[in-house]
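The values are calculated or read from the model by the stated rules, or taken from the named source; none is laboratory data. As the structure is a prediction and not an experimental result, all values here were calculated from the model. Positions of Cβ are generated from backbone atoms using ideal geometry, with glycine treated the same way; all protein chains shown enter the neighbour counts.
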Amino acid sequence: MKKKTFEFPSAFTVLFVILIIVAGLTYMIPAGKFSKLSYDTATNEFIITDHNDETISEPPTEEVLRKYNINLPLEKFTKGTIKKPMAIPGSYTKIKQHPQGILNIVKAPILGIMESVDIIIFVLIIGGIIGVINKIGAFDAGINALSKKTEGREFLLILFVFILIAIGGTTFGMSEETIAFYPILMPIFLVNGFDAMTCVAAISLGSTIGTMFSTVNPFSVVIASNAAGISFTEGIQFRIITLLLASVITILYIYQYIKKIRKDPAKSLIHDQEKEIRNKFLSNFDKSSKVEFTTRKKLCLVAFTLAFPIMIYGVSVLQWWFGEMSALFLSVAIIIMFLSGLSEKEAVSSFIGGAKELTGVALTVGLARSINIIMDNGLISDTLLYYSSQLVANINSSAFALVQLGIFSVLGFFIQSSSGLAVLSMPIMAPLADTAGVSREIIINAYNWGQGLMSFIAPTGLVLVFLEMVGVTFDKWLKFVMPLFGIMAAFSAVMLIINTLI
C-alpha cells in the first residue's frame, strides 16, 4: 500500500486554524480599550467615546485637544486630515473579558464575507471579464503575439511589472488593486518561460516593497505623520533612498531565483505543480499554432487594458475605492461583451463561468477578514498596543528604534489596516520618541517598515488571497520569501539605526 505524503492545507484551512488561535488569544489576553476622540463634521464638535462606549461632546478647540493629551493642530481634524477616531494617550482601561467562543468562530467568516462584499464583487467581475476574453481566444492570440516581441528580453517584463507596482505602492498604497493583475499577467509570464512563483513575486513584492517603504502614501506615511504631529515631508529623502535600495535588493533576489531555475527547472519551488498551473492559465494556448489576432480580439484587449490606468488614476487622484473600481470594470465587461461578437447567451454564460472560477478567491477574502473581526470583538487590539507602549518606555535611541520595529511587526500581523494602526498607535507611541531622544520621524519609519514586513508572510493580509488565485500553497510561498523576509528585516534594522544617527 502506497504511503500517503503530506499535503499542505489549502488557504481556507490555514485561515480557519489562525481564526481559532486568535479566538483562543481572546481568553488569554486581557480585554481593554483606549478612549477615542473623533471630530463630527455635521455638528462641528469633538466626540469622546470612553471604554464603556459612552460618549460626550466637546467644543472643537485647541484647549480640548490639550486636555486629552493630543498635541496636534486643530485643523488636522476640522480640515478632514484625520478622519478616524484617535486613541487618547493615558486612557487605557481594562474591561470585562470578551472571549470569542465556538458560535463567534462560526459566525465570523459569514460576517467577514459581509464586510468584504466590495472586494468580493470586484474579484468576481474581474473573473467574469477574463471568462469572456478567454471565450473568444483574445488572450491566447495576444500572448502569442507578445511572446514573439519579448523573446530574448524576458527579464524586462519583470522589471517593468515590479517598478510599476512599486511606484503605485509608494505613492498611493497599491495593494488590493493588484488582485486584478494576477490572472492577466500569469499567462504572459508562463509563456515567457518563467514559473508561476516569478509572476507572484513580481506583483506581490512590487506592492509589498512599495507600500512598506512608502514615501507619500496617504494611507500610511501621510496619515501616520499627521497623527504623530509632524509633516510627512520630514525624512522623505531618507525614505526615497531606502525605497530604492530595497527595490534593488528585491529585484536581485528575484533574478537569482530565475537564474537558478533556468539552469535547472526542477529547482522551481512549484515544479510539481507546473503542469496543473499551466493547464489552468494556458489550457488553450499553443505557441506553434497560427492563432489569428483579429481586430475584434485586439479591441477587446485594448478595452480591458485601458481600464487599468483609469483605475490607477481614479484611486490615486479621485479617491476611488472598490465601489468605483467595480463599476469601472463592469462597464468594461459590457463593452467587451458587445465587441466580442458572442451571442447574448454565450457572453453572459462566459462571464458567469469566469466569475465562478474566482469564487474560492472571493471567499478567501471574507475568511481573512473574519480574523480581524474576532480580534475586534475580543477587544484585545488596544491591550496589545498598551503593553507595547510600556515595553519601549525609557530606553535609549537605537534600542528604542529597533524595539519599535519589532512591535509594529507584531501589531501589523494582527492589525492589517495601515491607516487604522496609524491613528490608533501614533498618539501613544509618538510622545515616547521624545522621551527616548529621537525624532518622531523614526516612529513613522518603524511603523511603516514593521507593518510592511508582515505583508510578506501574514495570512491575515492579501498573501493567501493571491496564492489561492494562482494555485500556489502557502508553504511554498514561505520557502521562497522567508530568506528575503530575513534580509529585509535586517536591512530595515540597519536603516533605522542609521536614521537615529543622522
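Scan segment 28-39 and tell me whether some residue there is surrounded by fewer than 16 Cβ atoms within 10 Å (Cβ to Cβ) and assigned to a loop (DSSP other than H, G, I, E, B).
Taking segment 28-39 and keeping what is surrounded by fewer than 16 Cβ atoms within 10 Å (Cβ to Cβ), we get 28, 30.
Then drop every residue that is not assigned to a loop (DSSP other than H, G, I, E, B), which leaves 30.
Within segment 28-39, one or more residues are surrounded by fewer than 16 Cβ atoms within 10 Å (Cβ to Cβ) and assigned to a loop (DSSP other than H, G, I, E, B).
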Within segment 287-381, considering only helices (runs of 4 or more DSSP H) that don't extend past its boundaries, which have at least 1 residues that are surrounded by 14 or more Cβ atoms within 10 Å (Cβ to Cβ) and in contact with a Ser or Thr (Cβ under 7 Å, 6 or more places away or on another chain)? 295-316, 344-357, 359-378
Can you say whether Asn279 is exposed (fewer than 13 other Cβ atoms within 10 Å of the Cβ), over 22 Å from Gly173 (Cβ atoms), without any contact (Cβ under 8 Å) to a residue 60 or more places away in the chain and touching a Ser or Thr at 6+ places or on another chain (Cβ under 8 Å), as far as the supplied structure shows? no
Got a number for residues in segment 132-160 being farther than 12 Å from Cys300 by Cβ, modelled with pLDDT of 75 or more and not aliphatic (A, V, I, L, M)? 2
Taking segment 334-369, which residues are of a type in the set (Asp, Glu) and within 29 Å of the chain's Cα centre (by Cα)? Glu357
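Would you mind stating whether Ser340 is over 29 Å from Pro109 (Cβ atoms), in the same structural domain as Phe304 (by TED's automatic domain parsing) and modelled with pLDDT of 90 or more? Quick ask: steps written out before the conclusion?
On the way: over 29 Å from Pro109 (Cβ atoms): yes; in the same structural domain as Phe304 (by TED's automatic domain parsing): yes; modelled with pLDDT of 90 or more: no.
So Ser340 does not fit the description; no.
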Taking interchain pairs and intrachain pairs at least six residues apart, which have beta carbon atoms under 6 angstrom, with the first residue in segment 67-91 and farther than 22 Å from Asn52 by Cα and the second among the charged types (D, E, K, R) and at pLDDT below 85? Ile82/Lys76
Filtering segment 409-419 down to residues that are of a type outside the set (Ser, Thr, Tyr) and modelled with pLDDT under 80 yields Phe414, Ile415, Gln416
Scan segment 50-81 residue by residue and report those that are of a type in the set (Lys, Arg) and in a helix (DSSP H, G or I). Arg66, Lys67, Lys76
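Let's see how each residue does on (1) at pLDDT 90 or above; (2) out of contact with any Lys or Arg (no Cβ under 6 Å at 6 or more places or on another chain); (3) over 25 Å from Ala393 (Cα atoms); (4) of a type in the set (Phe, Trp, Tyr):
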| site | (1), (2), (3), (4) |
| --- | --- |
| Leu74 | no, yes, yes, no |
| Ile82 | no, no, yes, no |
| Pro89 | no, yes, no, no |
| Asn104 | yes, yes, yes, no |
| Met114 | yes, yes, yes, no |
